[in-house]
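Colleague: Dumping the structure here so I can ask a few things about it.
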Amino acid sequence: VKNRLAERILSEADTLRMLNLEPDARNRALLTLLYGAGLRVSEAVGLTWSDMQPRGDAAGQATVYGKGGKTRHVLLSEATWAQLVALRDESAGDGAPVFLSRKGGTLTVKQVERARVWYLALGGFVATTLTLSDGLPRLGVAWPTIGNVLGILYLYFLSQSLFRNRLIDLNELVGKMA
């Protein structure tokens, strides 16, 4: 069986557009970290500030505890590091989580999964509504063509599904939805 994974990987431009559509700084930093460092959600939400170390070149490094209890060190770009540092509360100790929940506790995989499902459901509703509205001009109702809007919304909701999956697995998820 031919491996067709390369055909399903998003382009860099689409990925950057998707990341820039996220309005919440915490979520954008999480998505950027997941994409840029290739982390699993469980690895990202398990990070504490003691796992994060600055490098001399304005970038950083994360010590990640992954599957099978394996530890790895991941170099982070200047842009990713800047987004993460901007999240840190001055009063947060080294043992504090990098990603806080809305209530100030540790963000969990389950909370991320709930958010992903909500975003995907909302995205499906919006996409269906907008697709149906494309037929309105045939009924004599003046309505702008919304193909571009639908594409942007699709990329936004696709970005939300990164909370659950690595980017490379994201297209498999989209394939299951189609």
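Colleague: Could you give the size of the charge dipole of region 18-87 about its Cα centre, using +1 on the Cβ of each K and R and -1 on the Cβ of each D and E, expressed in debye and rounded to the nearest 20? Could you put the intermediate results ahead of the total?
Modeller: On the way: 7 positive and 6 negative charges, 57 e Å.
It works out to roughly 280 debye.
Colleague: Could you tell me the distance between the Cα centroids of region 62-128 and region 20-37, to the nearest Å?
Modeller: 8
Colleague: Moving to a separate point now. For ASN20 and LEU75, FRET efficiency with R0 = 22 Å and r from the beta-carbon atoms, rounded to 0.05?
Modeller: Working: r = 23 Å, r/R0 = 1.02.
Efficiency at R0 = 22 Å is approximately 0.45.
Colleague: Testing the spin-label approximation: label points 7 Å from Cα along Cα→Cβ at PHE125 and GLU90. State their distance in nm.
Modeller: 4.1
Colleague: Please report, as a whole percent, how much of the solvent-accessible surface of region 41-93 comes from carbon and sulfur atoms (probe radius 1.4 Å).
Modeller: Numbers: 1530 of 2940 Å².
Using a 1.4 Å probe with all protein chains present, region 41-93 comes out at 52 percent carbon and sulfur.
Colleague: To continue, here is another question. Which order do VAL117, VAL98 take when ranked by solvent-accessible area (1.4 Å probe, heavy atoms of all protein chains), largest first?
Modeller: Numbers: VAL117 75, VAL98 5 Å².
From most exposed to least exposed: VAL117, VAL98.
Colleague: Once you charge only the Cβ atoms, +1 for Lys and Arg and -1 for Asp and Glu, what is the size of the charge dipole of region 1-122 about its Cα centre, to the nearest 20 debye?
Modeller: Details: 17 positive and 13 negative charges, 126 e Å.
That gives a dipole near 600 debye.
Colleague: Also: Work out the FRET efficiency for ARG102 and SER50 from their Cβ-Cβ distance, taking R0 = 35 Å, and round it to the nearest 0.05. Could you put the intermediate results ahead of the total?
Modeller: On the way: r = 23 Å, r/R0 = 0.66.
Computed FRET efficiency for ARG102 and SER50 comes out at 0.90.
Colleague: Now for a different question. Using the 2.2 N^0.38 Å rule of thumb for compact globular proteins, work out how region 18-88 stacks up: its C-alpha Rg over that value, please. Mind dumping the intermediate values first?
Modeller: Working: Rg = 11.6 Å, N = 71, 2.2 N^0.38 = 11.1 Å.
Rounded to two decimals, the normalised Rg is 1.05.
The values are calculated or read from the model by the stated rules, or taken from the named source; none is laboratory data. Because the structure is predicted, anything quoted here is derived from the model rather than measured. Every residue, glycine among them, receives a Cβ derived from its backbone with ideal geometry; neighbour counts consider all protein chains shown. Protein only, heavy atoms only, side chains kept; ligands, DNA and RNA dropped before computing areas. Shrake-Rupley method; radii C 1.70, N 1.55, O 1.52, S 1.80 Å.
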